[in-house]
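Asks: Structure in structure tokens, see below.
The values are calculated or read from the model by the stated rules, or taken from the named source; none is laboratory data. These numbers were taken from a predicted model, which means no experiment stands behind them. All Cβ positions, even for glycine, are placed from backbone atoms using ideal geometry, and neighbour counts span all protein chains on display. To get the accessible areas, we keep the full protein, side chains included, count just its heavy atoms, and leave off ligands, DNA and RNA. Shrake-Rupley method; radii C 1.70, N 1.55, O 1.52, S 1.80 Å.
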Amino acid sequence: MDITFRIRRYNPEAGGKAKPYWQEFELKDVEPTNRVLEMLHRVKWEQDGTLSFRRSCSSGICGSDAMRINGRNMLACKVLVRDVVTGAKNTIQVEPILGLPVLKDLIVDMEPFFAHYREVMPYFINNDPVPANGRERLQSQEDRDIFDDTTNCILCAACTTSCPSFWANGKYVGPAAIVQAHRFIFDSRDQGWKDRLAVLSEPNGVWRCRTIYNCTPACPRHIEVTRAIGEVKLAIQRGKREGIIDPATIPSKFHG
Amino acid sequence: MIIHKHEVVIVGAGGAGLMAALYASRGGADVAVVSKLYPTRSHTGAALGGIGAALGNLEEDKPLWHAFDTVKGGDYLADQDAALILAENAVDAIVELEHMGLPFDRTPDGKISQRRFGGHTSNFGEKPVRRACHSADRTGHMILQTLYQQCIKNNVNFFDEFHVVDVIMNGDACVGAVALELSTGEFHVFHAKAVFFATGGWGRVWQITSNAHSLTGDGAAVVFRRGIPMEDMEFYQFHPTGLYGLGVLLTEGIRGEGGILLNRNGERFMEKYAPKIKDLASRDVVSRSIYLEVRDGNGIKGSNYVHLDIRPQTVNRYLAEAGETRRIDDDYIRKNLAETLDVCRTYIGVDPLTEPIPIQPTAHYSMGGIPTNIDAEAIWDAQGTVVRGLYAAGEVACVSVHGANRLGTNSLVDLVVFGRRGGMKMAEFVKTAEFLPLPNNPTAQIEAEFQRIRNAKGKTRIHELRTRMQKVMMDHVSVFRTESGMNQAIEELKELRHLYMTDTFIEDRGTKYNTDLMEAWELGCMLDMADSTALSAVNRKESRGAHSREDYKDRDDVNWMVHTLAYRETDDPYAPTPTYRLDTTKKVDTSLANEDERFLPKERTY
């Protein structure tokens, strides 16, 4: 089949005229089972070497190529052409993910995203001595399964940049950071959950989530993002009721 | 030009790089990690099935058995001292990963769960053993995430999307690296006491590959161009189960769970080639068996692929035949091979619960690379002379623990074990070592090469050259090799190099995120990898592990118990017609065989 790519372009070095625009590319002899990433490569390799986008593994695990395809966030390497072409010209519209500054074409500034990630202390905390026998800490498979879903996150930002609350307020930590926090809060071995709940109970924490539910269908790893956020909200409420969250312990950098 | 100064500079942020960063910083060193990707994009994340260690959580196991499987799997080319360290250190390293929070699956009594994996056996090849520690079928993803998390906790400095394009030498010592900042196009100098290369492999040299687009061998190439040899480049592993047409990897864990390979007649052909452990034979053996089936017209529909069947009715039938009591069902597969189901459905619309999966061998892993000793220190020569200040681990390095063929799970073991050892060694080294001075103008040569590529006014697209290289390497320097085929490849590579130096063009003239320019530069690196692979391969007149020749079918332990060291002879790192020299005087370490005859080379049967 022949397809038409409609791609949002932006060249930051075009001088005073540098502003985003749409450009169309025609591709011939496309297999319906070709993936969108492969077709972006065909545009870049056969027609216009200036087209810029991030990609690496091309198998849905590295999280480099989240983009907005026909208005929905997806990984370009995980989408087949046949599933996204529309209209008489078999058009596929591709633009950068929303809510992060566009640096060039489909490349956005990921730093604000990773800054939010770091805010939730996304690392294992357990200050007890390791077992005296020099072996692993024990955990039941049932306890391991509780947080299995959120260990799937690849930090591609598809969820966070699909969230209207994040678009409206970039200070909101966003779904991905909450998913990362969830992975530790519900890990029976971890001891940092109080601090994480404190961060997430702040005004720019979980309560910015209005349960709009864009994040869950956006996740290329099929994580139940909204559910994870809900579980964190519940944990905070229970924590507050039991007096676990002490407002005085909340770091000042998370105010306002 | 901006100059940074850190005691330790780590190039690449996959498992080996992050492991080294963590242990070097814990040892008190000031560490910077420089990576062309955001760390979590690294290809360690794509590793699926597991990481091997003789924890013995489910049945008796010993590091010595793991070392034996590694040596045997490597077709006796692995250095035995290194293989033993790999197996012994694996136990501690994996327990430490658990202490860092890695969410391994668990046994009924709460320990790290383990499963079978190709080539891993108990008691010196007696029967398959449960050795692969796993976290669902995304073990590499969990290792990468856990290590990145711990590096954040330890305040390691990260330079993300800084692409290292040269290594800086002062005489025979390494004193830093040059990186191009992708977002600005500016060159940065990283002045260091120790530089650690952990940049992964170069699967993109071949047409069908499981490797990420970023795996272009650029880290290895910049070191190679400064005179450090590449060891054992002829040993490149083709993983038997790549998704047909795409090369996307399907985990060996599928066969570990009972998946069966079938030809067009529905025959379980691995019974012919590896009567004892069948579908769980070593990767080179299985890849070659698939190739032979295809050559004999037994491919599916007469084409160049076979079927991998994990449907419960198939698996249970063979389990019953083997007298095993274990049975599996759809739910079991959904839980344990979720990634596999997702990949098959997403990419080729096949549901493995109801139909077999079409697979073909895919370029997967380089056993060879920057030669190092057991502490990840790079070496100059067959005598093991250390390159002061230069370290390497993971796929880019060659210790050699994988010999002629790497066992499944051992890539992850390699990067945690030797990343850790290298990190510790560097922490110790920088305590007493001085910063050696930088040479004048350390970026002049590399900037000139980038100018050349940027301003070239030829007619040939980079993509065209790359495609030709990938095809010729797939046709002549892959699963089966002949003298004439490889010579043909060498000639074509010369022609491609000539075109690369004289007749290319790029379209992007900008400085920011110029991916057009970077891809063009990476192609030059891939040509270096392809050259050294083909030359080393044609020179080795025997078949061993992944290096399989139709004109020299047998392994030759009299003449070829040696490693190949390929040197780039030309001083100019960007010479239009580089010349190479091969050294085959580095003997394989056989220290275990000296004490235990079971480690002596013998015919490799499974």
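Asks: Where a Cα-Cα gap under 25 Å defines reach, which lysines qualify for B:Lys586, not counting those fewer than 8 residues away within the same chain?
Replies: Straight-distance partners of B:Lys586: B:Lys72, B:Lys425, B:Lys541, B:Lys553, B:Lys602.
Asks: Of A:Phe124, B:Phe435, B:Phe480, which has the most accessible area with a 1.4 Å probe, and how do the rest follow in descending order?
Replies: Largest accessible area first, the residues go B:Phe435, B:Phe480, A:Phe124.
Asks: Now, a different point. Which residues make up the longest stretch of chain B that has no trypsin sites (Lys or Arg not before Pro) in a DSSP loop with at most 15 other Cβ atoms within 10 Å?
Replies: B:1-275
Asks: Also, I was wondering about something else. Lys and Arg at +1, Asp and Glu at -1: add these up for the other residues within a Cβ distance under 12 Å of A:Met1 and post the number.
Replies: Net local charge, A:Met1 excluded: -1.
Asks: Another question, then. Using label points projected 7 Å from each Cα along Cα→Cβ, tell me how many nm separate B:Ile3 and B:Thr502, to one decimal.
Replies: The answer from the label model is 4.0 nm.
Asks: In percent, what relative contact order does segment B:476-566 have, based on Cα pairs under 8 Å that are 6 or more apart in sequence?
Replies: Computed over segment B:476-566, the figure is 36 percent.
Asks: Counting other Cβ atoms within 10 Å, keep those with at most 14, restrict to DSSP loop, and tell me which GluC sites (Glu not before Pro) in segment B:293-331 are left.
Replies: When the GluC sites (Glu not before Pro) of segment B:293-331 are filtered for loop state and at most 14 Cβ neighbours within 10 Å, B:Glu324 remain.
Asks: Let me know the charge dipole size of segment A:110-249 about its Cα centre in debye, to the nearest 20, where only the beta-carbon of Lys, Arg (+1) and Asp, Glu (-1) is charged.
Replies: 340
Asks: With just the Cα atoms defining each centre, how far is segment B:223-238 from segment B:545-574? Give it in Å.
Replies: Distance between centres, Cα-based: 10 Å.
Asks: Assuming R0 = 51 Å, what is the FRET efficiency of B:Glu569 and A:Lys28, from their Cβ-Cβ distance, to the nearest 0.05?
Replies: My answer for the efficiency is 0.65.
Asks: Hey, what angle do you get for helix B:312-321 against the long axis of chain B, alpha-carbon based, 0 to 90 degrees rounded to 10?
Replies: Approximately 60 degrees, to the nearest 10.
Asks: Let me ask something additional. Which of A:Leu103, A:Met1, A:Pro12 sits closest to the plus end of the dipole of segment A:1-160, meaning its Cα is farthest towards the positive end, when Lys and Arg get +1 and Asp and Glu get -1 on the C-beta?
Replies: Checking the options against the dipole of segment A:1-160, the answer is A:Pro12.
Asks: Moving to a separate point now. Would you work out the charge dipole size for the protein assembly as shown about its Cα centre, treating the Cβ of every Lys and Arg as +1 and the Cβ of every Asp and Glu as -1, and quote it to the nearest 20 debye?
Replies: So the magnitude is around 2000 debye.
Asks: Anything losing 20 Å² or more of accessible area from the isolated chain to the full protein assembly: pick those residues out of segment B:198-215, probe 1.4 Å, ligands and DNA/RNA ignored.
Replies: Residues passing the criterion (a loss of at least 20 Å², heavy atoms only) are B:Ala212, B:His213.
Asks: Further, regarding this structure: Can you pull the one-decimal nm distance between simple spin-label points at B:Lys431 and B:Arg268, each 7 Å off the Cα toward Cβ?
Replies: Between B:Lys431 and B:Arg268, the label points sit 5.5 nm apart.
Asks: Turning to a different aspect of this structure: With contacts defined as alpha carbon pairs under 8 Å and 6 or more residues apart, what's the relative contact order of chain A in percent?
Replies: Relative contact order here is 17 percent.
Asks: Quick one: compute the contact order of chain B, relative version, from alpha carbon pairs under 8 angstrom and 6+ residues apart, as a percent.
Replies: 21
Asks: Additional query: Sum -39500 (n - 2.57) across every DSSP H segment of at least 4 residues in chain B, then divide by the residue count to get the 222 nm mean residue ellipticity, nearest 500.
Replies: Counting only the DSSP helices, I get -11000 deg cm²/dmol.
Asks: While we're on this one: Segment A:171-219: which residues show an accessible-area loss of 30 Å² or more, assembly versus chain alone, 1.4 Å probe?
Replies: Residues passing the criterion (a loss of at least 30 Å², heavy atoms only) are A:Arg183, A:Arg189.
Asks: A further question on this structure: In peptide A:136-149, what is the residue-averaged number of other protein chain Cβ atoms found within 10 Å of each Cβ?
Replies: Mean number of neighbouring Cβ atoms from other chains: 5.
Asks: From the protein chains alone at 1.4 Å, what is the descending order of accessible area for B:Ser303, A:Ser188, largest first?
Replies: In descending accessible area the options line up as A:Ser188, B:Ser303.
Asks: Over all residues in B:34-44, what is the mean tally of Cβ atoms on other chains that come within 10 Å of each residue's Cβ?
Replies: 4
Asks: Pairing rule first: another cysteine's C-beta must sit under 4.7 Å. Under that rule, which cysteines of chain A stay single?
Replies: A:Cys77, A:Cys153, A:Cys156, A:Cys163, A:Cys209, A:Cys219
Asks: Hey, can you list the DSSP H helices of chain A whose Cα span along the axis is 18 Å or longer and whose average Kyte-Doolittle score is at least -0.5?
Replies: Answer set is A:225-241.
Asks: Right, another one. For segment B:451-471, list whatever residues lose no less than 30 Å² of accessible surface once every protein chain is in place, relative to that chain by itself, with the probe at 1.4 Å.
Replies: Relative to the lone chain, where solvent access is computed with a 1.4 Å probe, segment B:451-471 loses at least 30 Å² at B:Arg461, B:His463.
Asks: Place +1 on the Cβ of every Lys and Arg and -1 on the Cβ of every Asp and Glu in chain B, take the dipole about the Cα centre, and give the residue among B:Asn514, B:Pro578, B:Val413 whose Cα lies farthest towards its positive end.
Replies: Highest projection toward the positive end goes to B:Asn514.
Asks: Just to confirm my numbers, what's the Cα centroid distance between segment B:2-73 and segment A:72-89 in Å?
Replies: Using only Cα atoms, the two centres lie 36 Å from each other.
Asks: Next question, about the same structure. Roughly how many percent of the accessible protein surface of segment B:316-400 is carbon and sulfur, given a 1.4 Å probe and a whole-percent answer?
Replies: Summing carbon and sulfur atoms, their accessible area is 49 percent of the total for segment B:316-400.
Asks: Among B:Asn298, B:Gly247, B:Thr340, whose Cα sits farthest toward the positive end of the charge dipole of segment B:194-349 (+1 at Cβ of Lys/Arg, -1 at Cβ of Asp/Glu, about the Cα centre)?
Replies: B:Asn298
Asks: Considering only protein heavy atoms, what is the solvent-accessible area of B:Ser113 at a probe of 1.4 Å, reported in Å² to the nearest 10?
Replies: 20
Asks: Let me ask something else about it. Over 30 Å between C-alpha atoms is what I'm after, so list which of A:Lys28/B:Lys301; B:Lys301/B:Lys459; B:Lys193/B:Lys457; B:Lys111/B:Lys335 land there.
Replies: Correct reply: B:Lys301/B:Lys459; B:Lys193/B:Lys457.
Asks: How much mean residue ellipticity at 222 nm does chain A get from its helices, if each DSSP H run of length 4 or more adds -39500 (n - 2.57) and you divide by all residues, to the nearest 500 deg cm²/dmol?
Replies: Counting only the DSSP helices, I get -7500 deg cm²/dmol.
Asks: Given a 1.4 Å probe and heavy atoms of the protein chains only, how would you sort B:Asp557, B:Asp528, largest accessible area at the top?
Replies: Ranked list, largest accessible area first: B:Asp557, B:Asp528.
Asks: Accessible area per residue, 1.4 Å probe, Å², for segment B:151-227: what's the number?
Replies: Heavy-atom SASA per residue in segment B:151-227 reads 21 Å².
Asks: Okay, moving on. Chain pair B, A: how much accessible area is buried, both chains summed, with a 1.4 Å probe, in Å² to 100?
Replies: For B against A, buried area totals roughly 5300 Å².
Asks: If ligands, DNA and RNA are left out, what is the accessible area of A:Asp149 with a 1.4 Å probe, given in Å² to the nearest 10?
Replies: A:Asp149 has an accessible surface of roughly 50 Å² with all protein chains in place.
Asks: Across peptide B:151-159, what mean number of C-beta atoms from other chains lies inside 10 Å of a residue's C-beta?
Replies: Taking the mean over all residues of the peptide, I get 2.
Asks: Which loop-located chymotrypsin sites (Phe, Trp or Tyr not before Pro) does segment B:280-367 contain, where loop means any DSSP state but H, G, I, E or B and the Cβ has at most 15 other Cβ atoms within 10 Å?
Replies: Hits after loop and neighbour filter: nothing returned.
Asks: Report, to the nearest whole %, how much of the accessible area of segment A:3-107 belongs to carbon and sulfur atoms, 1.4 Å probe, protein only.
Replies: Solvent-exposed carbon and sulfur of segment A:3-107 make up 47 percent of the total.
Asks: Loop only by DSSP, 15 or fewer other Cβ within 10 Å of the Cβ. Give me the GluC sites (Glu not before Pro) in segment B:112-184 that pass, ordered by residue number.
Replies: Taking segment B:112-184 and a limit of 15 other Cβ atoms within 10 Å, the loop GluC sites (Glu not before Pro) found are B:Glu126.
Asks: Averaged per residue, what accessible area in Å² does segment A:3-107 show with a 1.4 Å probe, protein chains only?
Replies: In whole numbers, segment A:3-107 has 38 Å² accessible per residue.
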